[in-house]
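Right, one structure below, let's go through it.
The values are calculated or read from the model by the stated rules, or taken from the named source; none is laboratory data. The shown structure was predicted, so the numbers you read here are calculated from the model rather than taken from an experiment. Cβ placement follows ideal geometry from the backbone for every residue including glycine, while neighbour counts extend to all protein chains displayed.
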Amino acid sequence: MASAEEVAKEAERRDIRDRWLLSAPALIIIFLAATGPLLIVVIYSFLTPGPYGDVVWKFSTDGWLSVLMQRDIFDDTLAFADAHLSIFWRSAKLSFMTTIFTLFFGFPTAYFIATRPARQREIWLFLITIPFWTNLLIRTFAIQEVIRNEGIVNTVLIKLGIISQPIQMMFTDFALMVGMTYVYLPLMVLPLYASMEKIDFRLVEAGYDLYANRFQVLRRVIIPLVKPGIIAGSILVFIPALGAYVTPRVLGGSKNMMLGNLIELQFGQGRNWPLGSALSISLMAIVMVALLFYVRSAGRQGGTHG
Amino acid sequence: MGSRFDIRRQTGFTAIAMICFFALYLPIITVVVYAFNAGSSIAIWEGVSLRWFYQAWNNNQVVDASIRSLQIASVAATIATIVATMAALATTRTKPYPGLGFKYAFINQPLMVPEIVTAVALLIFFSRIKIWTGYSGLGYLMAAHTAFCIPFAYLPIRARLENMDLTLEVAAADLYATPWKAFRRVTFPLLWPGILAGLMLAFVISLDDVVITEFVKSGGQDTLPTYMLGQFRRVITPEINAISTVFLLISILIVTVFFFISRKKDQE
Amino acid sequence: MGTGSALKSGRKNGVIVPEQPGKSAIEVRGVRKVFGTGESQVAALDTVSVSIRENEFFTLLGPSGCGKTTLLRLIAGFDFPSAGEILLHGQDIAPLPPFKRPVNTVFQNYALFPHMTVAENIGFGLEMLGKPKAEVKARVAEMLKLVKMEALSGRRTSQISGGQQQRVALARALAPQPKVLLLDEPLSALDFKLRKEMQIELKRLQHETGITFIFVTHDQEEALTMSDRIAVMSSGRILQVGTPWDIYDKPAERFVADFIGETNFLTAAITGMANGKARATLKSGATIDATVAEGFQPKDNATVVVRPEHAKLTSGKGDLSGTVENIVYFGTDTHIHVRLDSSEAFTVRQQNTRSAGCGFERGDKVGISIGNDAAQVLRD
Ligand SMILES: Nc1ncnc2c1ncn2[C@@H]1O[C@H](COP(=O)(O)OP(=O)(O)O)[C@@H](O)[C@H]1O
Ligand SMILES: [Mg+2]
């Protein structure tokens, strides 16, 4: 008969094997319809654009070059692609500002919810959850309704006599800002709430006991306690904002593109799949860096708090 | 006596929170209200009517897109929930084993890559396959939706499993239940709310998807969201509001049920 | 002395009863259990051997983390030993998964199935064994009666109190009539009064069912009052097995003496052995007779233990002499802390009477006489 130790080892081996078998279907589906294709994008970024879209199988670094450079049609010289750079810049700027704005509005909101009595808290949380799960397209459409020339804001302002002509908000960076803040706000509130819910208010009491005023308690006690939530919320807003496609398409129009729309353009009218692929990978790389930053700071947080 | 000092209060926070709730709901309510407009403008109110709901109902494109959306969401959510349940069982309630971290990362991978990138990748990949096989049915959309629904279905199921008292299954084994019987009689009934929550989440996520669908769909495969996105380029009538309202209603219904299921587990 | 004397006689409910040689229900032979690998390896059980008799109320007693739960889990089959074997009625049960072992467990947190009623919980084991419905029903009714829970049979387990959950857990584990019942600190979650009630209840159930109970606790008082025999554990080892009397009066090691009750430790030189007793010369110069722990190896400086209630304080000369340092009143008795002339500390427990005072004051010079048969020499 096998020794006690061998029996234990064998049982463990079998358990791990069963666990691989159980997770295999999920892993295979994700590999076939998500992860695997990402690898193909890398290959495509090094090919030559086909005349009617798609690619021809000829190695080329032009896709990557044209992420940042532009080849002059007449004398073949390279110059910085201002258009692309400005779109990169706008995407980064808008995503960053969206993050700041959602934090500015989301923090007090999450705090408000977290400090309600338990029963009420459920209701407020539910009110945040509903927009979170309602269609992004509908929410974008809804914000468009509000800021259009004929929308509520302009109509009310004109009725009140404050302005005589509607303010053009649609198709501006302002519209994008408002739209993205609106759309991504729940993504900020929920993780913030999750960490605020855990605040031990005896620590706040201790802060007041040691002569801190309200603002000092906020800055020196509450904010450090919910830092993991702030980081998680910021990442959750920044990443999808950077890759936003629907909101800029609806609210920004063709002039105020973001990265997502630039990428789409290469697969549509631009007919430059390698460039589109290279842009996609660039976007993914930026996101990965942001995620790494998150993982590292989350790890540090976990480390200091035991 | 002065007012008591509330240690939880922070100046201005309640006001900002109220503004947020107001701002979150004002646009949505506007959309719903104008769905009932008798006139054909989405800005000028001309009285109550259900005409746009009738119009949407009689619009073949809308009906077809809706049916397609439901078909895809049903298939994707069901498959995603089944495989996510299996994956959750395989990745919880164990000491770390080789490959466990890899599995977590892999299952959550669709959440970590911007949708537009996945969309582009699937466009490239599926267009190749379409050329090779000649098949261009709904299968591609279903596969894509299943993949990105898996992490969403996985989330509540895993949470439920991790909160589940491990000794319950040990107790079942102690009381002569074979592993399969212990799963069927103890684990599964206790896991069921998590599975249901996962299913609903996956369903809503699939129903809502725009970007990946927009890139993967072949001609004539519009889902409701991509159909609506297309309409935004034209003159918008309250018909879009009517469609949105019904869509909202369905989402809210599902979210409400989801909310109560996932709340209930805390009380057990 | 030690386990030796326990084999010849045991006392049950205060009455000395002849001990049957005892067929063993569970035989643990050289069992080791190691968790983790490499650097982080811990031996939760370090070569444990013990034999538990049929129909016995056997208690594993030891501080938290000493390996009690681990040993129960190995017997139940929830975990594998790293070495050694476990026999049930003489049969090696290593190859049997938990669901094939005629052993049931009452879990520390009860582990009642929250999605089933009280009756469904109790019937679960029988159902899994494939018993006919009628039989299950009758047996469940019988069990409900046994634990006095008839009125609540249809309740969800989340709708009953902690004490009631405890009863359901007991009934559920007893229903399939296991050969051995394992109870892992089943009373630790209950408040004081309920715990006392359940202690009596458990004794009654064990008596009525005649099932071997292996009971785990870290509460020495609970162990003393309930058990037929006790195994005292520390750091993955069993230090001593014996009746409550053996364990309390004749501790084998310092840990056992210290863990159970209060004790005075004195250093003594062993000057001779006679009739299984040792002559111990204390630092005060007095020589007393002392029983000897099993496995004692004669050596110069041995440790002698004397329970505080087995010594007597006198104003004249005794075996020891010292100065009263502190007097603590406990209601039923008074503890008098004495600093011996040898600078060792010694506590005497003196029963209180209604006449005022204990007769001593702080600073008094006192003598201490150690009763006949009151001292025990430890083996370590
Ligand atoms: N699954 C496990 N993995 C690692 N160490 C364990 C495990 N179970 C128990 N231990 C360790 O074994 C020792 C004994 O634990 P346990 O049997 O639970 O003690 P007790 O029940 O007496 O409190 C402890 O040091 C504990 O940390
Ligand atoms: Mg324990």
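Of note:
- Selection of the range C:214-230 for residues being touching a Lys or Arg at 6+ places or on another chain (Cβ under 7 Å) and more than 14 Å from ligand 2 (Cβ to nearest atom) yields C:Met226, C:Asp228.
This table checks each residue for (1) in contact with an Asp or Glu (Cβ under 9 Å, 6 or more places away or on another chain); (2) at pLDDT 90 or above; (3) not in a helix (DSSP H, G or I).
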| residue | (1), (2), (3) |
| --- | --- |
| B:Phe203 | no, yes, no |
| B:Ser206 | no, yes, no |
| B:Ile212 | yes, yes, no |
| B:Phe215 | yes, yes, no |
| B:Gln221 | no, yes, yes |
| B:Thr226 | yes, yes, no |
| B:Leu229 | yes, yes, no |
| B:Val235 | no, no, yes |
| B:Thr245 | no, yes, no |
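- Residues in the range C:23-46 that are within 13 Å of chain A (Cβ to nearest Cβ) and surrounded by 13 or more Cβ atoms within 10 Å (Cβ to Cβ) were compared, and the one that is farthest from ligand 1 (Cβ to nearest atom) is C:Arg29.
- Each residue in the range A:202-219 was checked for being under 34 Å from the mean Cα position of the chain (by Cα) and closer than 19 Å to B:Arg4 by Cβ, and 3 pass.
- Filter result for A:Leu185 (assigned to a helix (DSSP H, G or I), under 18 Å from the mean Cα position of the chain (by Cα) and surrounded by fewer than 21 Cβ atoms within 10 Å (Cβ to Cβ)): no
Residue-by-condition table, conditions (1) charged (D, E, K, R); (2) at pLDDT 90 or above; (3) over 28 Å from A:Ala290 (Cα atoms):
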position	(1), (2), (3)
A:Met97	no, yes, no
A:Arg121	yes, yes, yes
A:Ala142	no, yes, yes
A:Leu160	no, no, yes
A:Met169	no, no, yes
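- A:Gly106 under 28 Å from A:Ser280 (Cα atoms), within 14 Å of chain B (Cβ to nearest Cβ) and buried (at least 19 other Cβ atoms within 10 Å of the Cβ): no
- At least 3 residues being away from ligand 2 (no atom under 16 Å from the Cβ) and not hydrophobic (A, V, I, L, M, F, W, C) is the threshold, and among the strands (runs of 3 or more DSSP E) wholly inside the range C:24-126 those reaching it are C:24-35, C:42-53.
- Selection status of C:Ala94, away from chain B (no Cβ under 14 Å), surrounded by fewer than 22 Cβ atoms within 10 Å (Cβ to Cβ) and within 27 Å of A:Glu12 (Cα to Cα): yes
- Some residue of the range C:283-303 being closer than 22 Å to C:Gln240 by Cα and among the aromatic types (Phe, Trp, Tyr): yes
- One residue stands out among those in the range B:161-175 that are part of a loop (DSSP other than H, G, I, E, B) and within 7 Å of another protein chain (Cβ to nearest Cβ): the one that is farthest from B:Leu190 (Cα to Cα), which is B:Leu175.
- Residue identified as over 22 Å from the mean Cα position of the chain (by Cα), free of Cβ contacts under 8 Å to residues at least 40 places away in the same chain, under 30 Å from B:Val246 (Cβ atoms) and facing another protein chain (nearest Cβ under 8 Å) among B:Thr14, B:Thr30: B:Thr30
- Lone unmet requirement of (1) in a helix (DSSP H, G or I); (2) more than 10 Å from chain B (Cβ to nearest Cβ) for A:Tyr211: (1)
- Taking each residue of the range C:67-95 that is more than 10 Å from ligand 1 (Cβ to nearest atom) and looking for partners that are of a type in the set (Phe, Trp, Tyr) with beta-carbon atoms closer than 8 Å, six or more apart or interchain, yields C:Ala94/C:Phe80.
- Filter result (more than 7 Å from chain B (Cβ to nearest Cβ) and either outside any helix (DSSP H, G or I) or of a type outside the set (A, V, I, L, M) (or both)) within the range A:21-35: A:Phe31
- Within the range C:172-225, tally of residues that are within 16 Å of ligand 1 (Cβ to nearest atom), assigned to a loop (DSSP other than H, G, I, E, B) and more than 14 Å from chain B (Cβ to nearest Cβ): 4
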